[in-house]
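For reference, the structure is listed below as structure tokens.
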Amino acid sequence: MDFLTNLLIFLFILLALVVLTIRLRKKLLNLWTDVSAKEVLFHKLLLDTTIMFYENKELLQNEDNMVLIKKLSKYRKKRLRFLLLKERQDLFSYLNTIYDDIEDQEDENLKLIIRKFEELQKARRLYNTKVLVYNQTINVFPTRFLAIKMNLQIKEYFG
């Protein structure tokens, strides 16, 4: 009877570990999917905003930001997701500087541009939040081993 009890306890513990591993794997995959979707959305919005700013350069250009608008032209046709993080951050910085110049203006033509940049800001904050949760989750002790087995890598925090 003692052997049977020990066997049942062992099988129960083994079953619990298998169930926990399956649930943890599903959680990691959901986090990875969510972060990847936010990353794609953010980079698409970054490209769309860059194109919109460049196409409306006549409205946005002043003596302070002429150089920045010229720099935007080289990013219009690139796949931003594959650029170095520093380049993407520089691009965002250019857009942010131009946005700061036009933010308080009451021109109706600028409303759409302002709204597009604010949408980009929201997507950036959401992406960074998801990346922070994802990176913390895959770096914690029990999930780290499973993340390594699943080949999940740390995502870049955009900043």
Seminar exercise, completed: Those residues of the range 76-117 that are in contact with a Lys or Arg (Cβ under 9 Å, 6 or more places away or on another chain) and within 13 Å of Phe53 (Cα to Cα) come to a total of 3
Exercise. Quick one: would you say Leu80 is modelled with pLDDT under 85, within 16 Å of the chain's Cα centre (by Cα) and either aliphatic (A, V, I, L, M) or closer than 16 Å to Tyr157 by Cβ (or both)?
Worked result: yes
Seminar exercise, completed: Checked the range 1-39 for anything exposed (fewer than 10 other Cβ atoms within 10 Å of the Cβ) and either part of a helix (DSSP H, G or I) or of a type in the set (Gly, Ala, Ser) (or both); matches are Asp2, Phe3, Leu4, Thr5
Problem set entry | Number of the exception - Ser73 against (1) among the polar types (S, T, N, Q); (2) more than 26 Å from Glu156 (Cα to Cα); (3) loosely packed, with under 13 Cβ neighbours inside 10 Å | (2)
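Restricting the search to the range 44-72, which residues are farther than 16 Å from Leu112 by Cβ and touching a residue at least 40 places away in the same chain (Cβ under 8 Å)? I'd like the intermediate steps shown before the answer.
Quick first cut of the range 44-72, residues farther than 16 Å from Leu112 by Cβ only: 44, 46-47, 61-72.
Answer for the range 44-72, where residues must be farther than 16 Å from Leu112 by Cβ and touching a residue at least 40 places away in the same chain (Cβ under 8 Å): just Leu46.
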Exercise. Taking into account only those residues within the range 94-121 that are out of contact with any helix residue (DSSP H, G or I) (no Cβ under 9 Å at 6 or more places or on another chain) and in a helix (DSSP H, G or I), which is surrounded by the fewest Cβ atoms within 10 Å (Cβ to Cβ)?
Worked result: Glu108
Exercise. Given the structure, is Asn30 more than 21 Å from Met150 (Cα to Cα) and not basic (Lys, Arg)?
Worked result: no
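Across the range 134-144, which residue is farthest from Ile69 (Cα to Cα) among those that are surrounded by fewer than 13 Cβ atoms within 10 Å (Cβ to Cβ) and modelled with pLDDT of 90 or more? Talk me through it step by step, then tell me what you get.
If we filter the range 134-144 for residues that are surrounded by fewer than 13 Cβ atoms within 10 Å (Cβ to Cβ), which is where we start, we get 136, 139-142.
Now drop any that are not modelled with pLDDT of 90 or more, which leaves 136, 139-140.
Working: Gln136: 37, Asn139: 40, Val140: 43 Å.
Across the range 134-144, the extreme among qualifying residues is Val140.
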For this session: List every residue pair whose Cβ atoms sit under 6 Å apart, with the two residues 6 or more apart in sequence or on different chains, where the first one lies in the range 90-111 and is touching a residue at least 24 places away in the same chain (Cβ under 8 Å) and the second, anywhere, is in a loop (DSSP other than H, G, I, E, B) and surrounded by 12 or more Cβ atoms within 10 Å (Cβ to Cβ).
Result: Ile98/Asn65; Asp101/Asn65
For this session: For the range 55-93, enumerate the residues that are within 24 Å of Ser36 (Cβ to Cβ) and assigned to a helix (DSSP H, G or I).
Result: Tyr75, Leu80, Arg81, Phe82, Leu85, Lys86, Glu87, Arg88, Gln89, Asp90, Leu91, Phe92
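The values are calculated or read from the model by the stated rules, or taken from the named source; none is laboratory data. Every value quoted in this text rests on a predicted model; they were computed, and no experiment measured them. Here Cβ is always computed from backbone atoms with ideal geometry, including for glycine, and neighbour counts include all displayed protein chains.
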